[in-house]
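Note sheet for the following structure.
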Amino acid sequence: MTKPRVFIPHRISEKALSLLAEHCELDYRDVEEMLDEEAFFAGLQEACGLMVYSRHKITPDVLDRAPRLRIVSNVAVGYDNLDLRELTARGIMATNTPDVLTETTADLTFALLMATARRIAEADRFVKAGEWNEWLPSLMLGKDVHGAVIGIIGMGRIGEAVARRAKGFGMRILYHNRTRKTEAEQSLDAAYVSLDDLLRRSDYVVVMTPLTPETVGFIGKRELGLMKQDAILINTSRGKVVDEQALIDALMEQRIGGAGLDVFATEPVQKGNPLLSMKNVVTLPHIGSATRETREKMALKAARNMIAGLAGEKPENLLNPAVFSH
Ligand code: NAP
Ligand code: GLV
């Protein structure tokens with residue numbers, strides 16, 4: 001029996017590749033960079049399955065070039081890069097990789113919070129530049145993390161994992177979410193509050209919602225205006241959940257204390273972006289889930305989703321079950 005053809009336009013782990021090879025015919029490109037359009041569309045033409053990272057936007061135009069496609073397996077939990085409605089309309093399954101990256105992304109989020117609060121990146125640059133000539137009492141003064149108030153917007157898998165870390169640091173936890181999380185309220189002593197209340201009371205505001213039509217620009221000028229003047233905004237969700245221009249304005253006018261950003265409205269972030277020259281902003285290149293162990297688990301999960309979908313079974317992480325019930 002012929003195996004279904006799967007197009008993988010980028011490097012993935014050996015284990016995931018071997019697993020896929022048992023069930024599928026692979027069109028695999030062992031490259032880190034994005035393929036050029038021509039090569040990508042050529043691969044798509046014959047593909048029954050496509051595996052992508054979130055840097056690939058799967059739009060109707062792309063799908064027009066994929067006449068045989070039955071499943072798109074996203075190697076990411078966020079799936080704002082997939083036009084889910086269009087995929088569903090065309091009967092194409094879509095899957096993602098939740099859970100396996102939760103703790104790793106929470107580690108990074110908390111590291112970013114700590115780095116921004118205690119000026120870690122700035123201090124490292126200072127020492128390495130040979131500027132540390134004398135110990136001064138007010139050298140690199142930062143902001144306490146322990147005992148401070150953290151406000152988590154989007155108390156999902158990663159939001160809760162961040163809250164667990166915050167509890168270990170003796171922080172007071174506030175959260176805002178579409179639905180209340182009563183279990184987390186009890187186990188983490190977290191208080192559910194309105195968005196405005198959270199913004200007014202938090203020393204650290206952590207944005208952890210997905211990017212959806214409802215959350216585009218969720219944190220804009222009005223919301224930033226409610227934050228304390230020395231509060232720090234941390235965003236590891238998606239850049240567009242925060243109105244980036246409003247954030248730049250708030251930082252320039254010193255209406256908030258700083259920001260830690262793993263994600264940007266445009267990625268890679270553009271070279272002239274004012275955020276890149278602000279000392280009180282720590283910037284990372286979208287590395288929330290970037291550990292060797294977690295990337296391996298994500299690739300394996302994406303591979304299992306792909307194999308199940310192409311075998312006519314329901315993938316564990318199916319995002320559009322309406323397709324499967326057809
Ligand atoms: P999740 O478990 O689905 O959590 C998202 C939470 O946001 C849910 O609790 C959801 O509420 C809440 N939410 C959604 N829309 C909302 C709204 N309009 N108002 C208030 N709350 C809302 O997802 P996750 O696994 O924690 O991942 C969250 C996001 O993190 C991903 O979508 C991705 O964009 C991002 N991420 C980034 C990185 C990185 O490398 N920087 C890595 C992994 C993930 P309900 O409980 O009501 O559904
Ligand atoms: C990474 O950004 C993810 O959504 O997994």
Response to the item:
The condition from (1) of a type in the set (Asp, Glu); (2) over 17 Å from the mean Cα position of the chain (by Cα); (3) closer than 17 Å to Ile219 by Cβ that Asp262 misses is numbered (2)
Worksheet, complete the sentence: Selection from the range 218-240 of residues open to solvent by less than 40 Å² (accessible area, probe 1.4 Å), assigned to a loop (DSSP other than H, G, I, E, B) and without any contact (Cβ under 8 Å) to a residue 40 or more places away in the chain yields Gly220, Met227, Ala231
Practice prompt. Test Ser277 against the criterion of being within 14 Å of the chain's Cα centre (by Cα) and either exposed (fewer than 15 other Cβ atoms within 10 Å of the Cβ) or of a type in the set (Gly, Ala, Ser) (or both), and give yes or no.
Written response: no
Item to complete: Could you look through the range 151-166, keep only residues that are within 16 Å of ligand 2 (Cβ to nearest atom) and out of contact with any helix residue (DSSP H, G or I) (no Cβ under 7 Å at 6 or more places or on another chain), and pick out the one that is nearest to Glu223 (Cα to Cα)?
Response: Gly154
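Could you identify the single residue in Asp80, Asp61 that is assigned by TED's automatic domain parsing to the domain that holds Leu310 and free of Cβ contacts under 8 Å to residues at least 40 places away in the same chain?
On inspection, the qualifying residue turns out to be Asp61.
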Worksheet item: Tally time: how many residues in the range 254-282 are more than 15 Å from ligand 2 (Cβ to nearest atom) and of a type in the set (D, E, K, R)?
Response: 3
Fill in: Flag if Gly309 is farther than 23 Å from Thr209 by Cβ and outside the structural domain of Arg125 (by TED's automatic domain parsing)
yes
Worksheet item: What residue, among those in the range 32-64 that are among the aliphatic types (A, V, I, L, M) and open to solvent by 50 Å² or more (accessible area, probe 1.4 Å), is nearest to the chain's Cα centre (by Cα)?
Response: Met34
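The values are calculated or read from the model by the stated rules, or taken from the named source; none is laboratory data. Everything quoted here is computed from the prediction, not taken from an experiment. Positions of Cβ are generated from backbone atoms using ideal geometry, with glycine treated the same way; all protein chains shown enter the neighbour counts. The protein model used for the area step is the full one, side chains on, heavy atoms only, and it has no ligands, DNA or RNA in it. Shrake-Rupley method; radii C 1.70, N 1.55, O 1.52, S 1.80 Å.
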